[in-house]
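See structure below.
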Amino acid sequence: MAVIEAEGVTFSYNSGETPALHDITMSVEKGEWVAVTGHNGSGKSTLARLFNSLLVPQQGTIRTCGRNTADPAEQVRIRRRAGMVFQHPDNQIVAPTVADDVAFGLENAGVPAPEMKQRVEHAIGRLGLTGLEDQEPHRLSGGQKQRVALAGVLALRPEVILLDEATSMLDPSAREDVRRLMKTLCREEGIALVSVTHDMTEAAETDRMIVLDQGRITAEGSPRSLFQDPARLEEAGLRLPVPLQLSLALQARGIQVPEAVSEEELVNALCR
Amino acid sequence: MQITVTNVSYTYMPGGPFAVEALRDVTVTFASGETHAIIGATGSGKSTLLQLLNGLEKPSEGSIDAGGHTITADSRQKDLFDLRRHIGMVFQFPEQQLFAETVLEDVMFGPLNYGDDRETAEKKAYRALEKTGLPPSLAERSPFTLSGGQMRRAAIAGVLALEPKLLLLDEPTAGLDPDGQEEIMRLFSEWQQEEADRTLLLITHDMNLTARKADHIVLMESGRVRTEGTPSSLWTREDLIEEGVLPLPETSRILAGLCTESKAPPAVDAFTVEDAADRIASWVRKGEPDA
Ligand SMILES: Nc1ncnc2c1ncn2[C@@H]1O[C@H](COP(=O)(O)OP(=O)(O)OP(=O)(O)O)[C@@H](O)[C@H]1O
Ligand SMILES: Nc1ncnc2c1ncn2[C@@H]1O[C@H](COP(=O)(O)OP(=O)(O)OP(=O)(O)O)[C@@H](O)[C@H]1O
Ligand SMILES: [Mg+2]
Ligand SMILES: [Mg+2]
């Protein structure tokens with residue numbers, strides 16, 4: 001079942017300008033993890049904003065969780081069911097304390113107080129924010145702000161999570177931890193995940209990659225299939241993930257290894 | 001420009017119930033002409049340190065010497081003006097530093113502020129925009145309508161247009177596409193090579209970048225300097241790695257993962273794909289009949 005369906009979507013910020021997105025047709029299934037990648041300015045954030053109806057297409061339609069994003073009566077519900085974490089966390093801070101900020105979406109969704117309290121506590125603990133509950137979100141470090149934004153979406157438990165470079169300021173172990181958490185939500189609870197990312201290691205782990213170039217989808221498929229065509233990736237400003245680069249460099253040195261896309265796969269092959 | 005930080009502490013909202021001791025007795029020297037990486041977990045005090053070096057905040061205790069200028073709790077803003085004109089700072093989120101009505105005006109601001117006429121400032125601005133890969137068609141746009149990566153490039157252009165002697169960069173490659181990350185790092189190296197005393201300090205969570213570019217790494221932990229050294233000297237410290245305070249670059253992680261039942265593990269301090277491939281290849285061949 002598709003939770004996001006975009007058909008023939010074109011969007012311009014200002015009339016007369018080259019559209020930021022051209023004729024986009026794609027879908028995201030329940031429980032699927034999709035990476036959206038591409039050059040700076042290729043339209044990734046615009047696409048994410050269209051998915052949760054912060055923007056509305058000029059041509060074509062988008063249905064998110066079965067609802068037309070262009071229908072003003074549906075917009076609040078869509079944003080609750082498709083939770084987004086923005087590229088810049090300051091854009092998302094709404095409350096005077098960390099705990100209130102994480103609770104904000106739930107309050108609006110009418111979640112009963114005891115359950116809300118429990119979900120907020122869990123999300124705060126899970127994102128390593130314990131002890132910062134009463135701090136002002138604006139007075140946190142960059143990575144701490146990103147954790148607050150992530151905790152908010154985790155507490156909300158939406159059907160779709162849209163992550164717009166949401167872990168760009170996290171240290172490597174926190175980033176890995178969030179990736180694992182999101183993967184679990186996706187695999188075990190059927191939440192659909194759309195990650196906008198420049199991190200090829202992360203992209204390699206997803207079910208499907210979508211490459212945008214100047215507002216158009218120029219490649220789409222499993223990471224492994226896309227990595228078969230490095231020239232095409234490079235055109236879109238992308239690279240092969242390091243484990244795969246290393247596999248190819250080893251093959252060039254006469255070492256027999258498969259074309260591994262993840263560290264684990266490469267290490268296992270070498271240790272056989 | 002050399003920077004010496006001596007016994008510096010910094011507390012946000014001192015005295016109140018929400019006081020945060022962000023830096024505690026930090027002593028460290030950043031040698032002139034080198035590339036320094038400041039790394040460490042979220043909230044460890046990296047951005048705070050950079051803000052002190054730029055004179056944006058003053059130390060609660062201790063002192064900083066930057067190219068002969070001294071910054072202490074008693075320094076006056078006026079005295080810092082002269083220092084600041086030689087420092088280019090890129091903030092962690094580019095939204096924090098962009099402010100003008102158009103991208104062009106934003107990039108021109110620094111040169112104008114430090115005495116260039118409009119024509120010269122505009123020339124410098126266009127040159128800087130081009131270098132950072134921003135098309136001239138964006139020059140007249142409001143910086144706040146740029147994409148995240150375009151904003152980062154605009155912020156970097158603004159800093160390069162200043163022709164600084166010292167660059168303080170807070171996560172300069174975050175949000176850039178992989179091509180852009182390489183281009184921008186190349187720009188910084190070019191800038192550095194133009195004169196012998198140009199010093200670059202960057203904060204980053206990207207260990208691949210740190211391992212490949214830094215001459216000197218400072219690892220922060222809870223507001224203190226935990227340790228410092230060259231990439232090879234740090235990533236051969238098993239204590240730090242085991243404790244989990246020092247994340248590994250991707251190539252090192254793969255090297256560290258190789259099984260060690262039948263042969264000694266390879267050293268993990270290979271930071272480029274080619275170096276790591278050489279090391280793994282010779283490790284694999286070890287013990288083979290004709291090796
Ligand atoms: N509010 C706006 N008004 C006008 N143009 C905009 C606005 N926001 C974005 N754009 C333009 O639309 C295009 C797509 O922007 P978008 O933010 O979707 O890119 P992106 O793929 O997310 O890039 P990045 O990787 O840099 O974040 C860019 O050329 C950008 O300059
Ligand atoms: N404006 C502020 N007011 C009060 N406390 C702050 C403020 N900015 C940061 N802090 C606190 O100071 C400490 C150090 O923050 P800093 O921003 O220097 O960390 P950082 O190492 O840059 O982290 P990150 O990698 O997440 O950006 C943190 O505990 C943070 O919560
Ligand atoms: Mg974006
Ligand atoms: Mg910071």
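Values as computed for the structure displayed
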| read-out | value |
| --- | --- |
| Which listed residue is of a type in the set (Val, Ile, Thr), within 29 Å of A:Met1 (Cα to Cα) and in contact (Cβ under 8 Å) with a residue 24 or more places away in the chain, from A:Val85, A:Val111 | A:Val85 |
| Count of residues meeting criterion [assigned to a loop (DSSP other than H, G, I, E, B), modelled with pLDDT of 95 or more and open to solvent by less than 40 Å² (accessible area, probe 1.4 Å)] in the stretch B:44-71 | 3 |
| The stretch A:37-62, subset part of a strand (DSSP E or B) and buried (at least 19 other Cβ atoms within 10 Å of the Cβ), residue farthest from the other protein chains (Cβ to nearest Cβ) | A:Ile62 |
| Test: A:Cys186 is of a type in the set (A, V, I, L, M, F, W, C), touching a Gly at 6+ places or on another chain (Cβ under 9 Å) and more than 11 Å from chain B (Cβ to nearest Cβ) | yes |
| Residue among A:Glu159, A:Glu165 that is within 16 Å of ligand 1 (Cβ to nearest atom), open to solvent by 10 Å² or more (accessible area, probe 1.4 Å) and at pLDDT 95 or above | A:Glu165 |
| Single unsatisfied condition, B:Glu119 versus (1) exposed (fewer than 14 other Cβ atoms within 10 Å of the Cβ); (2) within 14 Å of another protein chain (Cβ to nearest Cβ) | (2) |
| Residue list for the stretch A:229-243, filter: out of contact with any strand residue (DSSP E or B) (no Cβ under 9 Å at 6 or more places or on another chain) and open to solvent by 10 Å² or more (accessible area, probe 1.4 Å) | A:Pro230, A:Ala231, A:Glu234, A:Arg239, A:Leu240, A:Val242 |
| Scope the stretch A:112-155; condition touching a strand residue (DSSP E or B) at 6+ places or on another chain (Cβ under 9 Å) and either away from every other protein chain (no Cβ under 11 Å) or hydroxyl-bearing (Ser, Thr, Tyr) (or both); matching residues | A:Ser141, A:Ala149, A:Leu150, A:Gly152, A:Val153, A:Leu154 |
| Criterion: of a type in the set (S, T, N, Q) and open to solvent by less than 10 Å² (accessible area, probe 1.4 Å) - qualifying residue of A:Gln92, A:Gln146 | A:Gln146 |
| Test: A:Asp23 is surrounded by fewer than 18 Cβ atoms within 10 Å (Cβ to Cβ), within 30 Å of B:Ser137 (Cβ to Cβ) and modelled with pLDDT under 95 | no |
| Selection status of B:Gln181, open to solvent by 10 Å² or more (accessible area, probe 1.4 Å), within 16 Å of ligand 3 (Cβ to nearest atom) and either within 21 Å of A:Ser42 (Cα to Cα) or away from chain A (no Cβ under 14 Å) (or both) | yes |
| Verdict on B:Leu209 being within 14 Å of chain A (Cβ to nearest Cβ), open to solvent by 10 Å² or more (accessible area, probe 1.4 Å), outside any loop (DSSP other than H, G, I, E, B) and more than 16 Å from ligand 1 (Cβ to nearest atom) | yes |
| Selected residue [closer than 21 Å to A:Val261 by Cβ, part of a loop (DSSP other than H, G, I, E, B) and within 14 Å of chain B (Cβ to nearest Cβ)] from A:Thr201, A:Thr167 | A:Thr167 |
| Subset of the stretch A:189-212 [of a type in the set (D, E, K, R) and either at pLDDT 95 or above or open to solvent by 40 Å² or more (accessible area, probe 1.4 Å) (or both)] | A:Glu189, A:Glu205, A:Asp207, A:Arg208 |
| Selection count where residues are in contact (Cβ under 8 Å) with a residue 60 or more places away in the chain and open to solvent by 70 Å² or more (accessible area, probe 1.4 Å), scope the stretch B:1-26 | 4 |
| Residue in the stretch B:160-172 that is within 16 Å of ligand 3 (Cβ to nearest atom) and not β-branched (Val, Ile, Thr) present | yes |
| Tally, over the stretch B:247-281, of residues that are without any contact (Cβ under 8 Å) to a residue 40 or more places away in the chain, within 11 Å of chain A (Cβ to nearest Cβ) and surrounded by 13 or more Cβ atoms within 10 Å (Cβ to Cβ) | 17 |
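The values are calculated or read from the model by the stated rules, or taken from the named source; none is laboratory data. Note that the structure is a prediction, hence the values are computed from the model and not measured. Note that each Cβ is placed from the backbone with ideal geometry, even for glycine, and that neighbours are counted across all protein chains shown. Keep in mind that these areas ignore ligands, DNA and RNA; they rest on the heavy atoms of the full protein, side chains included. Shrake-Rupley method; radii C 1.70, N 1.55, O 1.52, S 1.80 Å.
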